[in-house]
Every structure is written in structure tokens, then in C-alpha cells.
1. Treating the beta-carbon of each Lys and Arg as +1 and of each Asp and Glu as -1, no other charges, what is the dipole magnitude of the range 340-447 about its Cα centre, to the nearest 20 debye?
2. Ignoring the sites themselves, what is the longest stretch of the chain with no chymotrypsin sites (Phe, Trp or Tyr not before Pro) in a DSSP loop and at most 11 other beta-carbon atoms within 10 Å?
3. Rounded to whole Å, give me the distance from the Cα center of the range 116-169 to that of the range 213-233.
4. Mind checking which of Gly353, Met282, Thr79 is farthest towards the positive end of the chain's charge dipole, using Cβ charges of +1 (Lys, Arg) and -1 (Asp, Glu) about the Cα centre?
5. How much net charge surrounds Pro105 when only other residues with a Cβ under 15 Å from its Cβ are counted (Lys, Arg +1; Asp, Glu -1)?
6. Quick check on the range 329-409: what does the Kirkwood estimate of hydrodynamic radius come out to from the alpha carbon pairs, in Å?
7. Out of all DSSP beta bridges with both ends in the chain, state the antiparallel percent to the nearest 5.
8. Using Cβ-Cβ distances only, list the Cys residues of the chain with no partner cysteine under 4.7 Å, sorted by number.
Amino acid sequence: MSFDQEEAARLREWDAAYLWHPWTGKTAGDPLMIVRGDGVRVWDADGREYLDAKAASLNASCGYSHPHIVAAITRQAATLMHFSIESAANPPAVGLAAKYASLLPTALSRTFFCNSGSEAMETVVKLARMYHALRGEPGRQTILSLRDGYHGATLGAVTATALTLTRAGNGPLPGAYAQVPTPICPSCRAAEAHDECSAPSAQTLRAAIEEIGPDNIAAFVMEPVLGVAGCLIPDPAYLVAAREVCSEYGILFVLDEVLTGFGRTGRMFGFEHASVVPDVLMTSKGVTGGYAPLAAVTTTQDVYRTFADDSLMGGFRHGHTMSGHALACAASLAVLEVIEGEDLVGNSARVGGLMLDELRRVLAGEPHVFQVRGLGLALAVQMTDAAIADELAAACLELGLIVRTQGSAVCLMPPLTLTETDALTMCSIVAEAARLTAQRNRNVLEV
Ligand code: PMP
């Protein structure tokens, strides 16, 4: 099915004239115009086919145009697109909250819905501070996070995110935030040759808490795998130790599983790799598989009761027009049926493991490849610098594979429906792209 070429030309003009692309300095010259998707494949306006290792926005967990999800969305749109859940309810929102409770450890039983990962982070900031205030500790306001973590783009979320690129020109930022060293060896991250790994331990977290003063700290938030930082994978022992340190100091331990939740790392949730249970869990992306915007903040009964029993502030004074959007929740319920019914979590572990081995094999000896790492279908090829990573990504695109670069890392996070055959095709495209990149750089040196 080809896309009308006149229409494509008109859209390109409008794109150049009217659309403000997020995260870009200027409107991109001729951006990829994706018009259709099916499974792990998408097609552009010229009819070119691509394998999508970016899963739309790292969220298309079930692939494109999944009939079960499409049918559920269509049914819900024709029945009730939305009804506010503020002092009311709608069936998909209730059903999804109950589904969360059934998938999570018993302790995590209350779910608050919002619309994006950033909103989930904002929700956590307000919730954590108010929680302590209601318990008689209003001084606990500081939100601790990891130096390389990513928690969103809105002002509160961006302040919990130390990546300088996301903060530039936005001062003054809200107060009472602090970052601690990421538990990843700095030499590994910088892609510099080194002999020994020296990842900061949870001792550095403890030291930071002691320095700031535990009575000033509301919450510590981290990702089980730091996706935006380029798939950095902390030792699960760090999560266990961090959980203990937070409990010891009365700090809420928050896991941001916006990217890792719902199978991305080969387990339903990233925290299962470490057998820890957070006080608060943030999820988004994979839960709707990209079919609708939705995010969630799930807490323990203890946290919830603090607000439910409150007569001081009148409960949690926070929410959004689209919180618990019926269509989005219905999409999520269908996505979760697919994730469970097609064992996409098992597939993520199995096909992700195969891809990791294969990428390491085919990229061995490539001069610009520093490291290949991954957990489930969250994989990254760490290149020696960011320019080379961009070149590798561009070569992949030429060869029909969409990847995402993050600094010097090229990330592959395809839909969890990926078959072994498509996984191997992706690996051979990356290998060919790496060979091309090496060749082009040799040519540059020789010229
Ligand atoms: N947290 C994490 C771990 C993320 O990966 C992201 C998005 N990449 C966010 C928060 C922010 O989500 P959103 O873009 O939906 O606001």
C-alpha cells in the first residue's frame, strides 16, 4: 500500500513550516516520515520498509497494529472514551488499577494514573513531600536521584535529571534536589580503555544522605536500568543496598520503571532482577505499548493511607484532566493481555539474550565499538565517541534499521514481539553498518 506522493510532498512542506519537533534545535530538514507500522516493521512515505529497533519512542512493546489491541481501542472509543475518575470511576481505569495490583508484589496496591513519565515524576515529588509533611516531617523535601538518571522534561522532573542538555537555559530550577554518583564505573561509561571497574557502591548514597541530613530527604529515585543514559546496568546488589539504606533513614525508595517496566529487561519489572520492592513505582511507555499516552505511580497501602486518613490537606491535591483516561486504560489492559498471552516477557529475555551474544560476536574487533551491553531487549552498543555513534545510526538507517543514539551509545530497544529471525537480521545490519562506519572513517583519514 503506497502513500500518496502529492500528500507526502504537502506534509513535508507543512512539517518544515509548522511542526515544532521536540528535542531538536531547529526543525529537522527532511525527517523520517513514518506512515504505517505492522509488527516490528514500519514504512515511510516513499514506501521504504524499516525494522524498528527504537519501538516508536521506546514504548511499542507489542509492535504496531496488533489486532487485539486495535479491537479493544475501537470498542472502548465507541462505548466511552473517557469519564473523569475524580470522585467518579470508569471501568477501564478500575480494571487497570486492579491489574497492576495483580502483577505487582502485594505491598504495591494503589495506583494513581497520569499521562507521561514526566508527570509520573512530578507526581512522585509532590507525593513524597506531602507524605512526610502529613507524617509530621515537613523538613523532608529533598529528592535524591542518580547523576546519570533520566526522569523527564518538566521542571520538577528535569531537576531530578542532571543531564545538562535537558536543563540548559531553564534557571532558576526548583529547589531541594540532589544527585548522587551513578553506580557504574566512570571509565566504562566514558568508553575509555581501563583495567579495573570501579563502580560507586551504595556507600556513596549513604554518605550523601549523611551530608544532606536524612531529616531533609523525602525520596531517592533511580532506574533499574538507566535507559536514556545509554542502557547503563547497575549491579542488582546496588538496588538491594539502596533499598536498605532508604528504609534505615525513613526515605521513600522510588523506582522509575517508565522504560524498564512491563518486560523490557526480560522480567515483568526491572526490580525483579534484584528482588527488591520499592515504596513507589513509576511506569509508563510499555504499559500502553505506544497505543495511547498513560503513566502510573503505584504506592504501598501505607503511603496511600497517609493521604486517605488526612484531614489536614484534604488528601492528595493533585491530578490531571486525562488521569485514568478510559481509552488509554482500555488500550493498556489489551496490551497487558498480549504481554501475558504471548509471553513477551519470556521472549524479551530469550531474544534479548540471543541478540546480546550475536551483537558481541559480529562486532568483535570493530575499531570504534567499545562495549556491547544489554538486559532483555534493552541493548546498547557503546561507541568510542558520540559522532561515531551518530554515524553508525545513520548507516543503520540507510540499511533499513531504526536505532536511537544517546551520546556515544547506540541503543536497540525493539518491540518485545521480536522474533529470532528479525533479531538476527537487526544484528547483521548493525554489523554491516559498523563495517561501513569504520571504512568511511578510514577513508577520511586517508584523504
Ligand atoms: N523516566 C524514564 C526512565 C524515561 O525513560 C522517560 C522517557 N524517556 C521519562 C521518565 C519521561 O517520560 P515522558 O517522556 O513520557 O515524559
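1. 320
2. 24-447
3. The two parts, judged by their Cα centres, are 10 Å apart.
4. Going by the charge dipole, the pick is Thr79.
5. Its environment carries a net charge of 0.
6. 14.3 Å is the Kirkwood radius here.
7. 65
8. Flagged as lacking a Cys partner: Cys62, Cys114, Cys231, Cys246, Cys329, Cys396, Cys411, Cys427.
The values are calculated or read from the model by the stated rules, or taken from the named source; none is laboratory data. These numbers come from a predicted model, not from an experiment. Quick reminder, even Gly has a Cβ in these numbers, built from the backbone with ideal geometry, and neighbours come from all protein chains shown. Note: areas computed on protein heavy atoms with side chains; ligands, DNA, RNA excluded. Shrake-Rupley method; radii C 1.70, N 1.55, O 1.52, S 1.80 Å.
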